[in-house]
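Data first, discussion second: the structure below is written as structure tokens.
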Amino acid sequence: MTRLFVVVFMASLTAYFSVAAYAIHFGMDRLLFPPTANPQTMQRRSAFAVANTAGDELLVRRYGRMQRGCAVFFPGQHGGIAAYQRQLFPRLAAAGLEVFALSYPGQDGASGRTHLDDIEQLAQRALVTIESSCSMDKTVFFGRSLGAMLAANAAKTRHPAGLVLEGAAPLLSTAVRTRLRSQWLLAALTVLPIERLLPHDYSLSDALNGSASMPVAIFQGTADVQAPLSDLLAMAVPPGKVQIIPVEGGTHSDAYLLGLDLIAATAVHMLEASHP
């Protein structure tokens, strides 16, 4: 009986780790970008979309009027543009910024499904269209949570006037491991070689080091357990290139709200510095 128990236990343990490893390697797209509904409260002045041959669509909504410049907003993994249009975009618009907000495939009314291999190409195509209305030297990229990584990678080739990030993780593998550690049923999975299982371990420091000498400001909540400030402070970046701004008491959900005025002021300062 004891031997049978050991055999069953070892088989279950092997299955537990094997299924998790398979999901990390082959199913990370679905885990990172779950589908979300299109809220009926969604508002916008106008919108356009770009799509790939599979019909995966990146939707761009537009808010405010350009007075001082523009902001391109890359949301986190759950989208949620309806909440940002109530809380974030009015403050940026009041500062004189026209906001172009991205919605990833399968989220907030955009058709299809997000694939990491495609999302950067779709974003680049959307940025080309945005640039026809607002030049990159008059535009700041703003990325939240997982969107911070996408914004930083886009900045390497599009060269905006500045980069404002919030709730960022230094590596995709770090974000995945932190999320697993926060759930007791999944905590044991942190022993897996997540860096090697991921099809591509996106690195924020690589993106920032590979970009032009644009100003970069990262707002990070001191109470953020999903993207701890300590992880970010350990990230290797050139001295003076990146300003890390702690948001006292901010969590992963509300740090951008607590730092809203300073975030808007920082974006405006970047734009003014690019056009003295």
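Descriptive notes on the structure:
- Residues in the range 217-240 that are out of contact with any Gly (no Cβ under 8 Å at 6 or more places or on another chain) and either surrounded by fewer than 14 Cβ atoms within 10 Å (Cβ to Cβ) or among the hydrophobic types (A, V, I, L, M, F, W, C) (or both): Ile218, Val225, Ser230, Leu232, Leu233, Ala234, Met235, Ala236, Val237, Pro238, Pro239, Gly240.
- Elements of the type strands (runs of 3 or more DSSP E) sitting completely within the range 162-258 and holding at least 2 residues that are of a type in the set (Lys, Arg) and out of contact with any Asp or Glu (no Cβ under 8 Å at 6 or more places or on another chain): there are none.
- Of the criteria (1) surrounded by fewer than 18 Cβ atoms within 10 Å (Cβ to Cβ); (2) assigned to a loop (DSSP other than H, G, I, E, B), which one His269 fails: (2)
- Taking every residue in the range 108-128 that is free of Cβ contacts under 8 Å to residues at least 40 places away in the same chain and pairing it with any residue that is assigned to a helix (DSSP H, G or I) and of a type outside the set (A, V, I, L, M, F, W, C), at least 6 positions away or on another chain, the pairs with Cβ-Cβ distances below 8 Å are Glu120/Asn153; Gln124/Thr157; Gln124/Arg158.
- Residue check for Asp117: among the acidic types (Asp, Glu), surrounded by fewer than 20 Cβ atoms within 10 Å (Cβ to Cβ) and farther than 28 Å from Gly55 by Cβ: no
- Some residue of the range 218-233 being closer than 16 Å to Pro170 by Cβ, at pLDDT below 95 and of a type in the set (Phe, Trp, Tyr): no
- Taking the criterion of being under 19 Å from Ser103 (Cβ atoms) and either of a type in the set (Gly, Ala, Ser) or in a helix (DSSP H, G or I) (or both), the residues of the range 132-151 that qualify are Ser133, Gly143, Ser145, Leu146, Gly147, Ala148, Met149, Leu150, Ala151.
- Whichever residue in the range 152-161 is assigned to a loop (DSSP other than H, G, I, E, B) and surrounded by 20 or more Cβ atoms within 10 Å (Cβ to Cβ) and, among such residues, is farthest from the chain's Cα centre (by Cα): Ala161
- Extreme residue, surrounded by the fewest Cβ atoms within 10 Å (Cβ to Cβ), among residues of the range 162-196 that are charged (D, E, K, R) and more than 19 Å from Phe33 (Cβ to Cβ): Arg196
- Restricting the range 66-91 to residues that are among the charged types (D, E, K, R) and touching a helix residue (DSSP H, G or I) at 6+ places or on another chain (Cβ under 7 Å) leaves a set whose member that is farthest from Leu262 (Cα to Cα) is Arg68.
The values are calculated or read from the model by the stated rules, or taken from the named source; none is laboratory data. This structure is a prediction, so every number in the text was calculated from the model and none was measured. Virtual Cβ from ideal backbone geometry, glycine too; neighbours counted across all protein chains shown.
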